[in-house]
Structure formats: C-alpha cells, structure tokens
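The values are calculated or read from the model by the stated rules, or taken from the named source; none is laboratory data. Since the model is a prediction, treat every value here as computed from it, not as a measurement. When we count neighbours, we look across all protein chains shown, and the Cβ atoms used for this are built from the backbone with ideal geometry, even at glycine. To get the accessible areas, we keep the full protein, side chains included, count just its heavy atoms, and leave off ligands, DNA and RNA. Shrake-Rupley method; radii C 1.70, N 1.55, O 1.52, S 1.80 Å.
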Amino acid sequence: EGTGGAQLDLRVETTGALAAEWRQRYHALATQKGRIVENMGSEFGDLSVAERGIEVNDLENVETPVKVRVQSKTLGLSRGTNGELSFTAMPSTGLVARYASLSNRRQDVKIGFSHTLDDEWTIKLPPGSVVKSAPEDRSLQTPFGRLDVKVEKSAGKLVVKAKLRMDQTRIKPAEYAAFKTFCADVDRALGERVVIGKPLAARNRVIA
C-alpha cells in the first residue's frame with residue numbers, strides 16, 4: 001500500500017583502522033556530501049538531505065575519532081496491509097554477503113582486523129501509534145565474536161542497542177561452516193523487524 005517515510009538523525013563515530021578509511025573517503029569537500037549520502041542510502045534507501053544536513057568534524061586531526069551527523073528524510077519504511085508500518089530496527093551488517101557467501105572454502109577468509117560495532121537506535125513513534133512487535137533481548141557468544149541486543153520500550157519510543165564484536169581476523173577452511181552459521185545468526189538477529197500501528201481499540205472505533 002505504498003511506503004512510509006521517516007525523519008532520520010544519524011550520528012556515527014568511527015575509530016581505529018576504519019577511521020583512516022573514512023578520512024580518505026570523505027576528505028575532499030567537493031565529493032563529501034555525495035559519498036556520505038551514498039553510504040547512508042545503501043542502508044536507509046533514498047535520502048533527502050537538507051543543505052546543511054551533514055556535519056563532519058575535523059578530518060585533519062588524526063588523534064580524534066571521525067564523527068559524522070546526517071539529518072535527513074527517507075522513504076525507506078514499508079507499509080503493511082492493515083495500515084501498519086514495518087521496518088528493520090537496525091541496518092544490516094551483511095556478514096554473510098561480505099564474508100560467508102560461498103557454500104564452502106578452500107582458502108582462509110580474511111576479515112582484515114578485529115573490530116566492534118556499537119549501535120543505539122532511538123525510534124520515536126508517530127502520535128497515537130504503538131509497537132505491535134519488536135526484536136527481543138539476546139546474546140550470542142562464539143569463538144568468532146559476540147552479539148548483544150538490548151531492547152527498551154516506553155510510551156512513544158523504542159530504543160534498540162546492539163553491540164557486535166568480531167574477534168578473529170582470519171577464518172580457516174575447517175572453521176568456515178561454523179563461522180557461516182555465526183554470520184547468518186547475526187544477520188538474522190539484526191534483521192528482525194519492528195511493526196507499529198494504531199491500537200486495536202482505536203482502529204475499531206474508526207471502522208465503526
């Protein structure tokens with residue numbers, strides 16, 4: 001039945017090896033906005049960014065993290081058949097597509113460097129809406145890494161916190177099957193959807 005839009009206020013802080021990549025990619029002012037929108041758009045769909053909707057800290061200072069803030073609108077939410085909105089609570093890490101897309105391996109999988117992704121997403125509901133379903137708290141611990149998801153619900157707001165730690169930089173062929181399962185479990189957990197809509201009583205009053 002069409003799409004539902006949302007206001008986005010994204011604040012990203014990056015340290016370590018990835019920060020060096022971001023400094024290089026976003027350093028040129030002429031291409032900075034376009035590249036940031038391209039990267040964010042891959043997760044959130046088409047973005048409409050205001051003239052001053054992007055803020056980047058001093059990329060010349062290599063002693064500080066790279067900080068990017070994007071204020072925009074997106075049409076990335078889908079509408080359900082009963083007037084409900086359904087969307088993923090967090091952008092996908094795409095671990096299977098990135099590291100474990102093959103059925104088996106004869107060579108090591110090179111991840112590059114151990115790293116941690118620490119996300120917090122605050123979802124403010126439209127007036128009069130309630131959360132019909134949402135991800136549950138969970139923890140996943142393996143030799144390859146750890147995932148912790150914490151969900152906090154309150155009136156008019158849903159907060160989802162996810163911390164993913166990748167502990168190994170190289171996966172041997174003998175470990176690949178177990179690693180592939182870990183990647184699939186993480187993708188599945190972070191791909192769980194939030195469904196919001198009107199309370200049942202309110203919908204019944206409208207129908208009556």
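Just to make sure I understand: if all protein chains stay in place, what is the order of Phe182, Phe113 by accessible area at 1.4 Å, largest first?
Values: Phe182 5, Phe113 75 Å².
Result, largest first: Phe113, Phe182.
Residue separation of Asn57 and Ala28 scaled by 0.36 nm, minus their Cα-Cα distance, works out to 9.1 nm of gained length. Comparing Ser101, Pro199, Gln32 along the charge dipole axis of the chain, the residue lying farthest to the positive side is Pro199, per the Cβ-charge model. Projecting label points 7 angstrom from Cα along Cα→Cβ for Arg138 and Ala50 puts them 3.7 nm apart.
Electrostatic bookkeeping for Ser114 treats Lys and Arg as +1 and Asp and Glu as -1; over the other residues with beta carbon under 12 Å from its beta carbon, the sum is +2. When you count the other C-beta atoms within 10 angstrom of each residue and take the mean per peptide, 185-198, 144-157 line up highest first as 185-198, 144-157. Put a dot 7 Å past the Cα of Lys163, heading toward its Cβ, do the same for Ala97, and the two dots end up 2.7 nm apart. With the cut-off at under 18 Å, measuring from each backbone N in segment 140-163 to a point 7 Å along the Cα-to-Cβ line of Leu125 picks out 151-161.
Give me the number: length gained by fully extending Glu38 to Ala178, i.e. 0.36 nm times residue separation minus the C-alpha to C-alpha distance, one decimal in nm.
Working: separation 140, 0.36 × 140 = 50.40 nm, distance 3.29 nm.
Difference between extended and current length: 47.1 nm.
Which order do you get for His115, His27 if you rank them by accessible area with a 1.4 Å probe, largest at the top?
On the way: His115 60, His27 95 Å².
I get His27, His115, largest accessible area first.
Computed 3J(HN,Hα) for segment 129-145, one whole-Hz value per residue from the Karplus formula 6.51 cos²θ - 1.76 cosθ + 1.60 where θ = phi - 60°, is 9, 10, 7, 8, 7, 7, x, 9, 4, 7, 9, 9, 10, 9, x, 8, x, glycine and proline marked x.
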